[in-house]
Amino acid sequence: MCHSDLKIRGQKLTTTVALKKLNTEPVKKITKAKKKKEKDPGAPKRPPSAFFVFMDQFRKDFKENFPDNKSIVVEGGAKWKAMSDSEKDPYVDKAASKKVEYGIALKQHKFELAEAKEKSASTSKSSSEVHVDVEEVASSQILTCVR
(Lines give C-alpha, C1' and ligand atoms only; values in the text may rest on other atoms or scores of the structure.)
Protein backbone atom coordinates (compact mmCIF):
# COMPACT_ATOMS: atom_id res chain seq x y z
CA MET A 1 0.00 0.00 0.00
CA CYS A 2 1.36 3.41 -0.95
CA HIS A 3 0.40 6.62 0.87
CA SER A 4 1.53 10.16 0.11
CA ASP A 5 0.52 13.68 1.09
CA LEU A 6 0.75 16.42 -1.51
CA LYS A 7 0.27 20.16 -1.18
CA ILE A 8 -1.49 21.83 -4.08
CA ARG A 9 -2.08 25.59 -3.95
CA GLY A 10 -2.40 25.73 -0.15
CA GLN A 11 -4.81 22.79 0.09
CA LYS A 12 -3.84 19.41 1.47
CA LEU A 13 -4.51 16.63 -0.99
CA THR A 14 -4.32 13.07 0.33
CA THR A 15 -3.80 10.35 -2.23
CA THR A 16 -4.05 6.68 -1.36
CA VAL A 17 -3.19 4.00 -3.86
CA ALA A 18 -3.92 0.38 -2.99
CA LEU A 19 -3.32 -2.71 -5.09
CA LYS A 20 -5.80 -5.55 -4.91
CA LYS A 21 -4.31 -9.01 -4.36
CA LEU A 22 -6.27 -10.74 -7.11
CA ASN A 23 -6.53 -7.84 -9.51
CA THR A 24 -3.53 -5.61 -10.26
CA GLU A 25 -5.67 -2.52 -11.01
CA PRO A 26 -4.75 0.40 -8.74
CA VAL A 27 -7.57 1.97 -6.69
CA LYS A 28 -7.26 5.72 -6.07
CA LYS A 29 -8.96 7.63 -3.32
CA ILE A 30 -8.59 11.41 -3.42
CA THR A 31 -9.83 13.73 -0.65
CA LYS A 32 -9.42 17.48 -0.41
CA ALA A 33 -9.21 19.53 2.77
CA LYS A 34 -12.29 21.60 3.60
CA LYS A 35 -12.10 25.30 2.86
CA LYS A 36 -11.99 27.57 5.88
CA LYS A 37 -14.91 29.82 6.61
CA GLU A 38 -14.10 33.42 5.70
CA LYS A 39 -13.83 35.83 8.61
CA ASP A 40 -15.99 38.90 8.70
CA PRO A 41 -13.61 41.88 8.63
CA GLY A 42 -16.10 44.10 10.48
CA ALA A 43 -16.72 41.64 13.32
CA PRO A 44 -15.44 42.62 16.78
CA LYS A 45 -12.20 41.09 17.97
CA ARG A 46 -12.51 38.20 20.46
CA PRO A 47 -11.82 39.10 24.09
CA PRO A 48 -8.54 38.10 25.76
CA SER A 49 -8.43 35.38 28.39
CA ALA A 50 -7.36 36.11 31.96
CA PHE A 51 -3.80 35.04 31.11
CA PHE A 52 -3.54 37.54 28.25
CA VAL A 53 -4.96 40.33 30.41
CA PHE A 54 -2.24 39.46 32.94
CA MET A 55 0.43 39.38 30.21
CA ASP A 56 -0.50 42.89 29.01
CA GLN A 57 0.27 44.28 32.47
CA PHE A 58 3.28 42.01 32.98
CA ARG A 59 4.86 43.08 29.66
CA LYS A 60 4.69 46.75 30.65
CA ASP A 61 6.25 46.15 34.07
CA PHE A 62 8.88 43.73 32.74
CA LYS A 63 10.02 46.06 29.93
CA GLU A 64 10.39 48.93 32.40
CA ASN A 65 12.58 46.85 34.74
CA PHE A 66 14.45 44.78 32.12
CA PRO A 67 14.44 46.61 28.76
CA ASP A 68 17.07 44.34 27.12
CA ASN A 69 15.65 40.99 28.27
CA LYS A 70 13.75 39.12 25.53
CA SER A 71 12.30 36.27 27.63
CA ILE A 72 9.10 38.11 28.58
CA VAL A 73 6.79 35.23 27.61
CA VAL A 74 8.79 32.63 29.53
CA GLU A 75 8.96 34.77 32.66
CA GLY A 76 5.26 35.72 32.40
CA GLY A 77 4.18 32.09 32.01
CA ALA A 78 6.25 31.03 34.99
CA LYS A 79 4.82 33.82 37.15
CA TRP A 80 1.24 32.99 36.07
CA LYS A 81 1.72 29.33 37.04
CA ALA A 82 3.15 30.35 40.41
CA MET A 83 0.22 32.67 41.21
CA SER A 84 -2.62 31.48 43.46
CA ASP A 85 -6.27 31.72 42.43
CA SER A 86 -6.79 34.72 44.69
CA GLU A 87 -3.93 36.55 42.94
CA LYS A 88 -5.45 35.70 39.54
CA ASP A 89 -8.94 36.96 40.49
CA PRO A 90 -8.50 40.58 39.30
CA TYR A 91 -7.40 39.34 35.88
CA VAL A 92 -10.24 36.82 35.70
CA ASP A 93 -12.75 39.56 36.58
CA LYS A 94 -11.32 41.92 33.96
CA ALA A 95 -11.44 39.13 31.33
CA ALA A 96 -15.07 38.39 32.26
CA SER A 97 -16.04 42.05 31.82
CA LYS A 98 -14.28 42.15 28.44
CA LYS A 99 -16.17 39.00 27.45
CA VAL A 100 -19.48 40.71 28.28
CA GLU A 101 -18.45 43.75 26.23
CA TYR A 102 -17.54 41.43 23.35
CA GLY A 103 -20.92 39.71 23.55
CA ILE A 104 -22.68 43.06 23.34
CA ALA A 105 -20.53 44.20 20.42
CA LEU A 106 -21.03 40.89 18.59
CA LYS A 107 -24.82 41.03 18.97
CA GLN A 108 -24.80 44.62 17.78
CA HIS A 109 -22.65 43.65 14.79
CA LYS A 110 -24.96 40.75 13.89
CA PHE A 111 -27.95 43.04 14.26
CA GLU A 112 -26.35 45.58 11.94
CA LEU A 113 -25.64 42.85 9.38
CA ALA A 114 -29.25 41.70 9.55
CA GLU A 115 -30.40 45.29 9.22
CA ALA A 116 -28.20 45.77 6.15
CA LYS A 117 -29.76 42.67 4.58
CA GLU A 118 -33.23 43.98 5.37
CA LYS A 119 -32.33 47.36 3.93
CA SER A 120 -31.30 45.73 0.70
CA ALA A 121 -34.73 44.08 0.67
CA SER A 122 -36.21 47.61 1.17
CA THR A 123 -37.49 46.97 4.70
CA SER A 124 -35.62 48.42 7.67
CA LYS A 125 -36.06 49.62 11.24
CA SER A 126 -35.54 53.18 12.34
CA SER A 127 -32.28 54.09 14.10
CA SER A 128 -34.08 54.70 17.42
CA GLU A 129 -35.32 51.09 17.43
CA VAL A 130 -31.77 49.85 16.82
CA HIS A 131 -30.46 51.84 19.79
CA VAL A 132 -33.16 50.46 22.08
CA ASP A 133 -32.40 46.86 21.01
CA VAL A 134 -28.69 47.27 21.76
CA GLU A 135 -29.45 48.69 25.21
CA GLU A 136 -31.78 45.76 25.96
CA VAL A 137 -29.09 43.26 24.95
CA ALA A 138 -26.50 45.06 27.08
CA SER A 139 -28.68 45.14 30.17
CA SER A 140 -29.67 41.49 29.83
CA GLN A 141 -26.03 40.39 29.49
CA ILE A 142 -24.90 42.44 32.47
CA LEU A 143 -27.65 40.86 34.56
CA THR A 144 -26.57 37.35 33.51
CA CYS A 145 -22.94 38.19 34.31
CA VAL A 146 -23.85 39.45 37.79
CA ARG A 147 -25.85 36.33 38.62
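Worth a mention:
- Residue count, segment 44-61 (criterion: in contact with a helix residue (DSSP H, G or I) (Cβ under 7 Å, 6 or more places away or on another chain) and either surrounded by 12 or more Cβ atoms within 10 Å (Cβ to Cβ) or on the phi > 0 side of the Ramachandran plot (or both)): 11
- The condition of being surrounded by fewer than 12 Cβ atoms within 10 Å (Cβ to Cβ) and of a type in the set (D, E, K, R) holds for only one of 101, 112, 75, 64, that being 64.
- Checking segment 76-83 against the condition returns a match, with at least one residue being at pLDDT 95 or above, farther than 22 Å from residue 45 by Cβ and not in a helix (DSSP H, G or I).
- Which numbered condition residue 15 misses (of (1) modelled with pLDDT of 95 or more; (2) surrounded by 10 or more Cβ atoms within 10 Å (Cβ to Cβ)): (1)
- Within segment 34-83, the set of residues being within 30 Å of residue 109 (Cα to Cα) and in contact with a Gly (Cβ under 9 Å, 6 or more places away or on another chain) comprises 47, 51, 54, 55.
Condition check ((1) among the hydrophobic types (A, V, I, L, M, F, W, C); (2) not in a helix (DSSP H, G or I)) across all residues:
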{"position": "58", "(1), (2)": "yes, no"}
{"position": "63", "(1), (2)": "no, no"}
{"position": "70", "(1), (2)": "no, yes"}
{"position": "88", "(1), (2)": "no, no"}
{"position": "91", "(1), (2)": "no, no"}
{"position": "101", "(1), (2)": "no, no"}
{"position": "114", "(1), (2)": "yes, no"}
{"position": "117", "(1), (2)": "no, no"}
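- Selection within segment 18-56 - in a strand (DSSP E or B), modelled with pLDDT under 65 and of a type in the set (Val, Ile, Thr): 27
The values are calculated or read from the model by the stated rules, or taken from the named source; none is laboratory data. Just so it is clear, the structure is predicted and the values come from calculations on it, not from any experiment. Heads up, the Cβs are rebuilt from the backbone with ideal geometry, glycines too, and the neighbour counts pull from every protein chain shown.
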